[in-house]
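Single-structure report; data block below.
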Ligand SMILES: [Zn+2]
């Protein structure tokens, strides 16, 4: 029977959510050591916390009290609640405390991605959101630790990505460190994700990137130079989207991912 959870602070809630997400990517029966192997991810998400292992143990207790896992003794655990099926619905209420519509969209979309997207590049990991001021990447895979920058648009990209600062992007092009992108087209009014695709940063050549005119003197970030990335005809890996748009390769990937993020892969790894 599920116990009624005690009220958790915002920080406790976010640890809880992140850990639940990590556990969702583990086999049904898992060991403490497997949870602790994700310690670097929590350290990165909560750089000020010096007691990550203690906090993880404490959060495991919270999940046990909520009936999400059981303790089986000798460092063994069992996940009770099945993982929810992927959904395209965006829950904007997770960002109800925010005012700016750009921030609301970012937080709600990241929350959606955390619950519903698997990393298409390793085929197994879940994505979790990094703190808002983390440079270059917004989310990281719990499995291969690959970082993703999220580009979300209310509507369709139509072959162009706008918005990233030109200077840093030009530098990362030169250094060959353009991040991978999670591209999300959504409908704000219907609170639905329409398509989500992964674009590998290595596909973007400097010929595809151009600088926009600097922002005018009346703008809050006056003088700031944004960029436009031409993404037309670049191959994308489909995460969400109508099957008839994706090629046969994408369809194949979709099938393997929907089989609960290829959980068997993790079982192989940890046995
Ligand atoms: Zn991955």
| field | Potential extension, residue 91-residue 160 segment - 0.36 nm per residue separation minus Cα distance | value | 22.2 nm
| How big, in percent, is the set of alpha carbon pairs in region 10-83 lying more than 20 Å apart? | 21 percent
| Inter-label distance for residue 207 and residue 65, nm, one decimal - labels placed 7 Å from Cα along Cα-to-Cβ | 6.0 nm
| query | Computed FRET efficiency, Cβ-Cβ of residue 36 and residue 137, R0 41 Å: what is it to the nearest 0.05? | reply | 0.95
| region 78-142 - Kirkwood radius from inverse mean 1/r over Cα pairs (Å) | 13.1 Å
| field | region 92-261: Rg to Rh, with Rh as the Kirkwood radius over Cα pairs | value | 0.96
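A short reminder: the numbers here are calculations on the coordinates, not readings from a lab. The model shown is predicted, which means the values in this text are computed figures rather than measured ones. Note that we place each Cβ from the backbone using ideal geometry, even for glycine, and neighbour counts take in every protein chain shown.
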